[in-house]
1. Suppose the Debye formula is applied to equal point scatterers at every Cα of the stretch 32-152; what is log10 I(q)/I(0) at q = 0.14, 0.19, 0.20 Å⁻¹?
2. Using modelled amide H (1.01 Å from N, peptide plane; none on Pro or chain starts), what sits under 5 Å from the amide H of VAL147, excluding residues fewer than 5 places away?
3. Using the Karplus curve 6.51 cos²θ - 1.76 cosθ + 1.60 with θ = phi - 60°, work out ³J(HN,Hα) for each residue of the stretch 145-162 in order, rounded to whole Hz, and write x for Gly and Pro.
4. Determine the gain in length on full extension of the stretch ALA130-GLU114; use 0.36 nm per residue of separation and subtract their C-alpha separation, reporting nm with one decimal.
5. Any idea how far apart ARG56 and VAL187 come out in nm if each label point goes 7 Å out from Cα toward Cβ?
6. For the stretch 91-101, what does the Karplus curve 6.51 cos²θ - 1.76 cosθ + 1.60, with θ = phi - 60°, yield as ³J(HN,Hα) per residue in whole Hz, taken in order and with x for Gly and Pro?
7. Whose amide H sits under 5 Å from the amide H of PHE61, counting only residues 5 or more places off or on another chain, with H placed in the peptide plane?
8. Report the full-extension gain for the segment ASP95 to SER71: residue separation times 0.36 nm, less the Cα-Cα distance, to one decimal in nm.
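Read-outs throughout are calculated quantities, based only on the coordinates presented, and are distinct from any laboratory measurement. Computed from a predicted structure; not experimentally measured. FYI the Cβ positions are ideal-geometry reconstructions off the backbone, even for glycines, and counts take in every protein chain you see.
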Amino acid sequence: MRGTIIIAVMLLPAICFSTEALKDTTKKPGTYDQPVLLTSVGRAADVLILKGLCARAEIDFRYCPGATADSLGQCCTLLLVAGGSSKGLGAAKVDVDVELSRVKALVKAARKSEIPILTFHIGGEARRGALSEPFNKLAAEVAELVVVVKSGDEDDFFRKTTDKNQAGYISIDKQIDVVGVLKEIFVSQTPVEEDVAK
C-alpha cells in the first residue's frame, strides 16, 4: 500500500494507518513543540534534504549541522538526521569518533534539559553501510521516536531498536512523506499578529 505509515507507540502493539487515515485515529496530533534544532549525525547531505522538508512543513527550526550543547538555546525538540558521509565528515574536518563524541554530548545536554529527541533516517539503503552504522546506532538508541524511509530498514534494525527501547517508530515510503509526518507530530504554531499602522 502506498503511503503506509507504521507507528509503534510506547507499550502498545504496532498499528498500521494509511497517510490519509492517520488524522482519523485516536493518536493526538501535535505531540512535540517548536522551535526545533535540526542537526546531522554523520554529516550526510540527508540533513539538507530534511531542512527543505521542514521548511515545506512550515516547522520553526534552526539548522546547525555541527550542533553542540550550547546550540540548544530555547529549542523545544532536537531532531537528528542519521547517516554517515565521508565527504561530509571530510568537509567538516572531523572523523567518526569526533562526530560521535559531539552527538553524545549534545544528547546528554538535551536529556538534562528534558528536550525530546527525534531521529530521522531518510537516506535509504545508501545510508546503511559500514560508515553509517555507528551513527545510525547512536541516533536510533537515543530517540523517543524514529522516522525511517522503509528502504533503509529492510533488516528491521530501526524497528527492533525502537521496540527494545519502547520508542515510537514511523515507516514511510519516500522522503516527501516526511512533510506529512512533521505536520502531524508537531504542535501548530500560532501566527503572530503584527500591528499595522493605519
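1. Once normalised to I(0) and log-transformed, intensities are -0.50, -0.97, -1.08.
2. Correct list: THR119, PHE120, HIS121, ILE170.
3. Calculated HN-Hα couplings, in order: 8, 10, 10, 9, 5, 4, 5, x, 9, 4, 8, 6, 4, 5, 4, 5, 5, 5 Hz.
4. 2.6 nm
5. In this crude label model, ARG56 to VAL187 measures out at 2.7 nm.
6. For the stretch 91-101, the Karplus curve yields 5, 7, 6, 9, 9, 4, 5, 5, 5, 4, 5 Hz.
7. VAL36
8. Fully extending the segment from ASP95 to SER71 adds 6.6 nm.
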